[in-house]
Amino acid sequence: MKPKVIVIAGPTASGKTALSIELAKKIKGEIISSDSMQIYKDMDIGTAKVTEAEKQGIKHYLIDVVAPNERYSVSDFKKDSEKAIEQILAKGKVPIVTGGTGLYIDSLIYGIEYPEMNFDPEYRNKLIQQAETEEGLKILYDEAMKIDAKAMEIISPNDKKRIIRILEIFKATGKNKTEQERLSRLQGTKYNFKVFAMDMAREKLYERINQRVEIMLEQGLVQEVKDLKAKYQCFPTAMQGLGYKEVVEYLEGKCTKEEMVEKIKQETRHYAKRQLTWFRKNKETVWLNAEDGIQNNVEIILEGYKN
């Protein structure tokens, strides 16, 4: 019998962190972050990284793993998360995978293998430079659409990081991302994943997102970006994270502070919409109404975990 692993997915600002911690306390669980930005050290405010006080003594994995100027791939996540799952199971505890990065979660629940690829740094730098202009990014987006229209269905025309990823995978392997995933899914998975996802009325979710952005700015998001730029000089992948790229544009004089704030809110709302679209692809996901409260949702998860 395959070991059971709980997954709590959903859009940003929907309450995944608080729910996962309360569940872990009830079920003797430990939490594995599946957030592609919280893996980076020193990127705390803009990623809404869980604090030590918020953890309430619950052990978390895959937070503060690498420096922002280091590369961390989906393949790295899958390997590291499976290692963490085994460590948690060995303690007799329950692994709880929590986060909103659909690509990371899919690599686990569908057993998707992304082979180690020899990416061409010169090609990547060329793509990054081209993506700096609106016209250049549009050309890359159109090229990615021709290569992998299926994968591009849920990638925004402004999402430099994922557009570049589509192009890199194809250049390195000769296969597009969708084909890579289809072939690897045939091998199955090592665990019995019980997948839950948070949902919330769109208006309420957007209100929470706007409030979160305001809180991040009050906590010192702009200073965090200044400190990161001073410490790491260059961090092209991490810098594409929501909130960070907009602050960089502001610091470079490309927009006003008011424009920066509104753009972060807008892009985060768009991201949340794409997250919901992504997670709804999995027909076996049990959807939770975030507005029903943490305790009610903990009970639903516990019931689903037993079956």
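Picking from residues in region 147-170 that are in contact with a helix residue (DSSP H, G or I) (Cβ under 6 Å, 6 or more places away or on another chain) and of a type in the set (D, E, K, R), the one that is surrounded by the most Cβ atoms within 10 Å (Cβ to Cβ) is 160. Residue 274 meets the conditions (1) within 16 Å of residue 202 (Cα to Cα); (2) in contact (Cβ under 8 Å) with a residue 60 or more places away in the chain; (3) open to solvent by less than 40 Å² (accessible area, probe 1.4 Å); (4) part of a helix (DSSP H, G or I) in every case but one. The failed one is (3).
Output the residue which, of all residues in region 220-244 that are without any contact (Cβ under 8 Å) to a residue 40 or more places away in the chain and in contact with a helix residue (DSSP H, G or I) (Cβ under 9 Å, 6 or more places away or on another chain), is nearest to residue 49 (Cα to Cα).
Let us first name the residues in region 220-244 that are without any contact (Cβ under 8 Å) to a residue 40 or more places away in the chain, namely 222-223, 226, 229-230.
Narrowing the set further to residues that are in contact with a helix residue (DSSP H, G or I) (Cβ under 9 Å, 6 or more places away or on another chain) leaves 222, 226, 229.
Working: 222: 16, 226: 18, 229: 19 Å.
Top of the filtered list is 222.
In the set (1) within 18 Å of the chain's Cα centre (by Cα); (2) modelled with pLDDT under 85; (3) more than 26 Å from residue 113 (Cα to Cα), residue 233 fails one condition alone, (1).
Evaluated against (1) among the acidic types (Asp, Glu); (2) open to solvent by 50 Å² or more (accessible area, probe 1.4 Å); (3) under 20 Å from the mean Cα position of the chain (by Cα), residue 267 falls short on exactly one condition, (2).
For region 194-207, the set of residues classified as part of a helix (DSSP H, G or I) and closer than 28 Å to residue 303 by Cα consists of 202, 204, 205, listed by residue number.
Residue by residue through region 237-262, note down the ones that are of a type outside the set (A, V, I, L, M), in a helix (DSSP H, G or I) and under 19 Å from the mean Cα position of the chain (by Cα).
Keep residues of region 237-262 that are of a type outside the set (A, V, I, L, M), which gives 237, 240-241, 243-246, 249-250, 252-259, 262.
Subset that is in a helix (DSSP H, G or I): 240, 244-246, 249-250, 257-259, 262.
Hits for region 237-262 are 240, 244, 245, 246.
The listed residues are 89, 137, 127, and the only one of them that is part of a helix (DSSP H, G or I) and either surrounded by 20 or more Cβ atoms within 10 Å (Cβ to Cβ) or of a type in the set (Asp, Glu) (or both) turns out to be 127.
Here residue 46 passes the criteria (1) assigned to a loop (DSSP other than H, G, I, E, B); (2) out of contact with any strand residue (DSSP E or B) (no Cβ under 7 Å at 6 or more places or on another chain); (3) surrounded by fewer than 23 Cβ atoms within 10 Å (Cβ to Cβ) except the one numbered (3).
The values are calculated or read from the model by the stated rules, or taken from the named source; none is laboratory data. None of these values were measured; they are calculated from a predicted model. In this analysis, Cβ positions are derived from the backbone assuming ideal geometry, glycine residues included, and neighbour counts consider all displayed protein chains. Just the protein is used for accessible areas: all its heavy atoms, side chains included, with ligands, DNA and RNA removed. Shrake-Rupley method; radii C 1.70, N 1.55, O 1.52, S 1.80 Å.
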